[in-house]
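Take a look at the structure below.
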Amino acid sequence: MNSPEGVWSAVAQQQIFRATLTAMSSPGEIVRISADGTERASIAVLAALLDNSVTLCDYNGTLDESTRRFLQAQPAECKKANYVLAAASENPAVDFTVALGELAAPEAGATLILEGNRICASPNVARSSGTVDLCLKISGPGVNGVKTVELSGFRDQWFHRRAEWVADFPLGVDLLLVDAENLVCIPRSSAVALGESWATSR
Amino acid sequence: MGYVAIKGGTAAIQQAAKLLEFLRADGSDQPLSAGDIQRQLRFLHSRVLSEGALYHPELCSLAIKQSLGDTLEAAFMLRAYRSTRARLCESPLHNTGKMRLIRRISAAFKNVPGGQMLGPTPDYTQRLFRLELLDESPESFQRVAREWMAGLIGVPEVPDSFPKVLDVLRTEGLLPDIQEPGVPFDVTREPIVFPLPRSAALYTMSRAETGSLLGLAYSNMRGYGDLHPTVAELRVGYLPVMLPSPATGEMVEAGEILMTECEIVCMYEKGENDTPAFGLGYGACFGHNETKAIAMAVLDRALQRGAKHGPQNPSEDAEFVLLHIDGTESMGFAAHYKMPHYVTFQSDLDRLRKAQQKSEVKA
Amino acid sequence: MNPAPAHTPGGYAFGFMDEFAKKEIRRKILKAIAIPGYQVPYSSREMPMARGFGTGGLQLTLSLIGVDDTLKVIDQGSDESVNAVNIRNFIAHTCQGVAFTTRTTEATLIQTRHRIPEFPLQQHQILVLQVPYPDALVVVEPSEAKRKIMHGEADYARLWVKLYEDIVKFSEVTISHRYPTKIAGHYVIDPSPIPRYDVPKLHQSKALLLFGAGREKKIYAVPPFTDAEPLSFTDKPFRVESFHDEHGQRRRCSRCGSPNSFLDEVVCDDGGKLYQCSDSDYCNAMTASGGSADE
């Protein structure tokens, strides 16, 4: 039997985890998730973290059948799942909710992976080509001062909803923003302000 | 005097291990064999098998040998090994009615279907020394088994299995209804958060250190509790373990395990629909360990009581019982006090000296 | 698919623990960072070292570590203390390819018992602390179920009362190590048996601090750049250990001469006392750069 390759190997998963750890402990810092480059960052992170003891909601059905099987996670609806994968290019549906945990078990709050087009540090190249949709200013634990991140292909409603979800700390949800290669984490402990955005063709 | 370096930690550890090994070997001609430990130290072996939470009789013997008979260390070794084993599959629910019994008694009835089968037990022997065993020769030792086996010829066979005593009580409607088994809670895989389901409590107790379990159960028996238990049935025997065949998926007997099971019946309580029924307590463990199974059954009942009415005694308090009976954890923590603590002690010294200075100033 | 572990000689997978165990810990570490100071429960595997000897810290290290890492292991501040030696040997045996160092500044990962290194930690370093008692509230409430609710509500009234009673009886808070410290304005943690001297290092640290309790089965974290305030009253400010002699002079290490480190008090054979740095790496570095005893 062949050894698992790419993001399914133990060595790659340890490296992906460490990159995710860096991102979570330094919200707003962009890390590159590159295992063998053939899987997108969202799948790399899910492969590193998930197994058959957690649940996953593939909200937009972007994972193929074999990936779902390899991840081994049990499927669950978005309001109950431990991990939710959603496309950031559309605003969340009105009835879209995620698990926020309980006072005695806040860790039951979900991890929401939002997939968009591009994540850049600020200032960045994309600005000049006018494709930045949103600018996030992040502060709080893990951040020295304020960190700015520019996003393209991430609708703003996600961050308004996030603000509601994390209003009652320690309850809340922890966000992983990904594009094809990069990851930025926004734990529930972060304060996020939406900054100036360059309106492009929406 | 100059700098006191912390040196030689590695060398000290290595020498300590060598010294222990010397103590193990010094003065004897013959090393213990794994078989000797399993058979001649049967109850010690059973105890470690159960506390190690891994049914591997040969490694259990090795653990006892390697730890020079320290049951806590031996159980710990089995646990550490278990930690490295991959989880292959889950077995289906097993019915202990299928046990191939070597011992089966009931205190609840004089006559039970199938009869009381005492089996191998010291219960009714006199605890007097047989001093001739100090000088036991290999010849007289070998004669024991040979003569017993020869004495079996012509003795009528005993059935492998017997009906369960509880079924008798059940048909009379004296027991609560059997509930749907849920998904068992695996305490080695999921974090323990109270209140725990009963399966988590039972598993924790099944691998608990016998003495800790016994002490807490005894407190309940003596009066820090109100159970009035009767042993409905105590069974010791071999349970066939059914696992799905990797080829066909059909259940096949993969082997059998020696285990002990105790079911107790306690003073009646109001049932769900207001009819009183007996309360049940259940104890089961690997190996032949009756004290543990009885203690476990008593505590199972006590914890159920505590969950329903609020704990009135320590043995009814799930957090108190379940967090303090694991030998590997309690032994480890007791042992950790032997590790260097001089930085924290330095901190304590500072506090006390400050406090003394202040009280001197006041005085 | 289960990732096939890289095998070490002796048949153990890299990092000793199976991938399921590591993944559970990795998931819990991320949640711990997202909820600073909150004790995340985990199932906690048995290790070949006894509980109480750092199995929690060890499980964290084994779940974090890769061949790119350089690991330092200390106990009481020293790389040569028996507990540190034991743990380091185990990791060397089960994590082939990992580099080791005694230098704080060279380590990417540091596992420690009872001390935080003297050299300030840098960004992207990770400190793993071994924890016997994860819960600061255990001193006022033995029931874990009740403590969880108190933590969730940030209700530390009974802890404050205990500190106040100390002051009434002894004019000072008597807690020496394990000083209760509030993280990011909500959860109060037990920072493990580090001396008071080390508590200020938690505040706005550049490095990530992870806390592992193996026997108690909890993981918690203080992220970098996070507020960590030891509980104190405005008229009784938090004070670290005093290393001043009877003349009010701050003692120096008898070997390197530093007046800026936590000192171990050593009783000599002739009954006299010696003071030297608890942190062996720091002392070595100070000595090498020309410090010396002033006696």
Net lengthening on full extension, C:TYR133/C:GLN204 (0.36 nm per residue, minus Cα-Cα): 23.2 nm
Sorted by number, the cysteines in chain A with no other cysteine beta-carbon under 4.7 Å are A:CYS120, A:CYS135, A:CYS185
Cut-off 19 Å (backbone N to label point 7 Å along Cα→Cβ of B:GLU21), residues of region B:47-62: B:62
For region A:24-91, max minus min Cα coordinate along each principal axis, in Å, sorted largest first? 30, 28, 23
Between the helical axis of B:71-84 and the dominant principal axis of chain B, each derived from Cα atoms, what acute angle in degrees is found, rounded to the nearest 10? 80 degrees
Rounded to the nearest 5, what % of DSSP beta bridges with both residues in chain C are antiparallel? 60 percent
So what's the gap between the Cα centers of region B:9-51 and region B:211-283, to the nearest angstrom? 33 Å
Can you list the aspartates and glutamates whose alpha carbon sits under 18 Å from that of C:LYS236, skipping same-chain ones fewer than 8 residues off? B:ASP350, C:GLU165, C:ASP166, C:GLU172
Non-local residues with an amide H under 5 Å from the amide H of A:ALA81, with H modelled 1.01 Å from N and Pro and chain starts lacking one, are A:ALA99
The answer for the protein assembly as shown, accessible area per residue at 1.4 Å probe in Å², is 47 Å²
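Can you compute the charge dipole magnitude of region A:41-153 about its Cα centre, using +1 on each Lys and Arg Cβ and -1 on each Asp and Glu Cβ, nothing else charged? Give it in debye, rounded to the nearest 20.
Its charge dipole is roughly 360 debye.
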I want the antiparallel fraction of DSSP beta bridges within chain A, as a percent rounded to 5. 55 percent
Part-to-part distance (alpha-carbon centres) for region C:230-258 and region C:54-124, which is given in Å: 28 Å
Any chance you could list the semi-axes, whole Å, largest first, of the equivalent ellipsoid that the Cα gyration tensor gives for chain A, using √(5λ)? 25, 21, 16
Difference of contour (0.36 nm per residue) and Cα-Cα distance, B:VAL361 to B:ALA12: 121.1 nm
Among B:THR248, B:THR344, B:THR121, which one shows the biggest mean-square fluctuation in a GNM of chain B, springs joining Cα atoms closer than 10 Å? B:THR344
Two decimals is fine: what's Rg over Rh for region C:140-295, C-alpha atoms, Kirkwood radius as Rh? 1.03
Strictly greater than 22 Å: what percent of every Cα pair in region B:10-82 meets that? 26 percent
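Let me have the relative contact order for chain B, percent, based on Cα pairs under 8 Å that are six or more residues apart. Please report the intermediate quantities before stating the final value.
Working: 482 pairs, mean separation 62.1, N = 363.
It rounds to 17 percent for chain B.
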On the principal axes of its Cα set, how long, how wide and how thick is the protein assembly as shown? Give whole Å, largest value first. 98, 79, 57
Going 7 Å from the Cα of B:LEU152 along its beta-carbon direction, which residues of region B:96-119 have the amide nitrogen within less than 20 Å of the resulting point? B:99-104, B:117-119
Partners for B:LYS164 among aspartates and glutamates (Cα-Cα distance below 17 Å; same-chain residues under 8 apart left out): B:GLU172, B:ASP177, B:GLU233, B:GLU261, B:GLU263
Given pairs B:LYS308/C:LYS169; C:LYS22/C:LYS182; C:LYS31/C:LYS201; C:LYS28/C:LYS201; B:LYS358/C:LYS182; C:LYS162/C:LYS201 and cut-off 31 Å on Cα-Cα distance, the over-length ones are B:LYS308/C:LYS169
Put +1 on the Cβ of each Lys and Arg and -1 on the Cβ of each Asp and Glu in the protein assembly as shown; which of A:VAL192, B:PHE185, C:PRO120 then has its Cα farthest toward the positive end of the dipole? C:PRO120
Determine the principal axes of the Cα atoms in chain C, then give the extent along each, sorted from largest to smallest and rounded to whole angstroms. 67, 50, 34
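Let me check against my output: what whole-number percent is the relative contact order of region B:272-360, with C-alpha pairs under 8 Å and at least 6 apart?
Once divided by the residue count of region B:272-360, the mean separation gives 14 percent.
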Alpha-carbon centroid distance for the pair region B:176-203 / region C:177-225, whole angstrom: 33 Å
When only C-alpha pairs under 8 Å and at least 6 residues apart count, what is the relative contact order of chain C, in percent? 19 percent
Looking at chain B as a GNM with Cα springs under 10 Å, which of B:THR260, B:THR188, B:THR84 has the largest mean-square fluctuation? B:THR84
Take peptides A:178-186, A:139-147 and line them up by average Cβ neighbours within 10 Å, highest first, as a rough protection proxy. A:178-186, A:139-147
Of all DSSP beta bridges in the protein assembly as shown, what percent run antiparallel (nearest 5)? 70 percent
Which one of B:ALA16, B:ALA107, B:ALA318 has the biggest mean-square fluctuation once chain B is modelled by GNM with Cα springs under 10 Å? B:ALA16
Step by step: find N for region B:28-151, compute 2.2 N^0.38 Å, then divide the Cα radius of gyration by it. What's the final number? 1.35
When the convex hull of the C-alpha atoms of region B:211-363 is computed, what volume per residue in Å³ does it have? 234 Å³
Over region B:272-325, with a single point scatterer placed on each C-alpha, what log10 of the ratio I(q)/I(0) does the Debye formula yield at q = 0.13, 0.18 1/Å? -0.37, -0.65
Mean 1/r over all different Cα pairs, inverted: what Kirkwood radius does region C:244-295 give, in Å? 11.2 Å
Using θ = phi - 60° and the Karplus form 6.51 cos²θ - 1.76 cosθ + 1.60, what ³J(HN,Hα) does each residue of region A:136-147 get, whole Hz, x for Gly and Pro? 10, 10, 10, 9, x, x, x, 10, 8, x, 10, 10
Under a Cβ-Cβ cut-off of 9 Å, what is the net charge of the residues other than C:ARG115 that fall near it, where Lys and Arg count +1 and Asp and Glu count -1? -3
25 °C / 0.890 mPa s Stokes-Einstein diffusion coefficient of region B:96-331, Kirkwood radius on C-alpha pairs, µm²/s: 122 µm²/s
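The values are calculated or read from the model by the stated rules, or taken from the named source; none is laboratory data. Keep in mind it's a predicted model, so treat the numbers as computed, not measured. Positions of Cβ are backbone-derived with ideal geometry, glycine not excepted, and every protein chain shown enters the neighbour counts. Surface areas here come from the heavy atoms of the whole protein model, side chains and all, with no ligands, DNA or RNA. Shrake-Rupley method; radii C 1.70, N 1.55, O 1.52, S 1.80 Å.
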